[in-house]
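These notes concern the structure reproduced below.
The values are calculated or read from the model by the stated rules, or taken from the named source; none is laboratory data. If you're wondering where the values come from, they're calculated on a predicted model, not measured in any experiment. Cβ sites come from the backbone with ideal geometry, for glycine too, and all protein chains shown count toward neighbours.
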Amino acid sequence: RLYDSFEEEPGFFQFATALTSNDLEEIQTFLNSAVSSSCEGLIIKTLDRDATYEPSKRSLNWLKLKKDYMESIGDTLDLVPIAAFHGRGKRTGTGFSEAELEERSASLRSKVIPEPKSYYRCSEMMKPDVWFETTEVWEVKAADLTISPVHRAAIGIVDPDKGISLRFPRLVRVREDKTPEQASSSEQVAEMYNAQKHNQTNNEDDGEDD
């Protein structure tokens, strides 16, 4: 009905790209195509009669399939938490489960310092509420690495004035086996970003060949 009610006009009104399938390989290919186009992932909907969208309600009828949910895709980095912002009452978008957030908050509460260390680099546009001693290493998974005018990781390596940030990061685990000195370096972050950019370019070229 929806398709019959509207007429597409390129650049102004277009339906989202969609695929109807129950083939896992076909869905994987569709996900890869979405990721190479810099999309977060896919929204998967069943074709059951009662599978209508209900805001603020979790359902198996509508599922997110994100790049970083797949073991075969996504990037992980070993990072050291050096600062934090006070919560605003919601956990949404933090990349932590409620249990993880409570556990990590309790662990870092005793590591708070009055001001940042001289070697901490932070943009004037981003002023954390608290600073920490460098004591923990977190393995963090992200959907993508992106150039950022605010974040300072690998600044001057990939771009002279911009750093690299993580898109949709989430905590994988605390690396008890690593010290802060063994965390991912700026060079490693830049190398991962360049590899990601190279892979995206190759995927675009493959799509053009098809």
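So for the stretch 142-159 (the condition being over 21 Å from residue 76 (Cα atoms) and either loosely packed, with under 10 Cβ neighbours inside 10 Å or among the small types (Gly, Ala, Ser) (or both)), does at least one residue qualify? Yes; the residues of the stretch 142-159 include at least one that is over 21 Å from residue 76 (Cα atoms) and either loosely packed, with under 10 Cβ neighbours inside 10 Å or among the small types (Gly, Ala, Ser) (or both).
Return yes when residue 139 is at pLDDT 90 or above, under 30 Å from residue 106 (Cα atoms), buried (at least 16 other Cβ atoms within 10 Å of the Cβ) and outside the structural domain of residue 35 (by TED's automatic domain parsing) and no when it is not. Full working, then the answer.
Working: at pLDDT 90 or above: yes; under 30 Å from residue 106 (Cα atoms): yes; buried (at least 16 other Cβ atoms within 10 Å of the Cβ): yes; outside the structural domain of residue 35 (by TED's automatic domain parsing): yes.
Considered against the rule, which asks whether it is at pLDDT 90 or above, under 30 Å from residue 106 (Cα atoms), buried (at least 16 other Cβ atoms within 10 Å of the Cβ) and outside the structural domain of residue 35 (by TED's automatic domain parsing), residue 139 comes out as yes.
Give the stretch 10-36 a look and list any residue that's at pLDDT 80 or above and closer than 15 Å to residue 144 by Cα, or say none. If the condition is that a residue be at pLDDT 80 or above and closer than 15 Å to residue 144 by Cα, then 31, 32, 33, 34 are the ones that fit.
Would you confirm whether any residue within the stretch 121-140 is within 16 Å of residue 77 (Cβ to Cβ) and of a type in the set (Phe, Trp, Tyr)? If you could, list the steps in order and put the result at the bottom.
At the first step, the residues of the stretch 121-140 found to be within 16 Å of residue 77 (Cβ to Cβ) are 134, 136-140.
With of a type in the set (Phe, Trp, Tyr) added as a condition, the list becomes 138.
Yes.
Taking (1) modelled with pLDDT of 90 or more; (2) touching a strand residue (DSSP E or B) at 6+ places or on another chain (Cβ under 6 Å) in turn, residue 144 satisfies each apart from (1).
When the stretch 11-38 is limited to residues that are of a type outside the set (S, T, N, Q) and in contact with a helix residue (DSSP H, G or I) (Cβ under 8 Å, 6 or more places away or on another chain), the one that is surrounded by the most Cβ atoms within 10 Å (Cβ to Cβ) turns out to be 35. Here residue 107 meets the list (1) among the small types (Gly, Ala, Ser); (2) in a loop (DSSP other than H, G, I, E, B); (3) under 18 Å from residue 84 (Cβ atoms) almost entirely, failing just condition (2).
The rows are residues; the columns are (1) at pLDDT below 95; (2) charged (D, E, K, R); (3) not in a loop (DSSP other than H, G, I, E, B).
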| position | (1), (2), (3) |
| --- | --- |
| 121 | yes, yes, no |
| 126 | yes, no, no |
| 152 | yes, yes, no |
| 171 | yes, no, yes |
| 177 | no, yes, no |
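Taking the stretch 122-136 as the range and being among the aliphatic types (A, V, I, L, M) and more than 14 Å from residue 111 (Cβ to Cβ) as the test, the residues that pass are 125, 126.
Taking the stretch 13-69 as the range and being among the basic types (Lys, Arg) and within 16 Å of the chain's Cα centre (by Cα) as the test, the residues that pass are 64, 66, 67.
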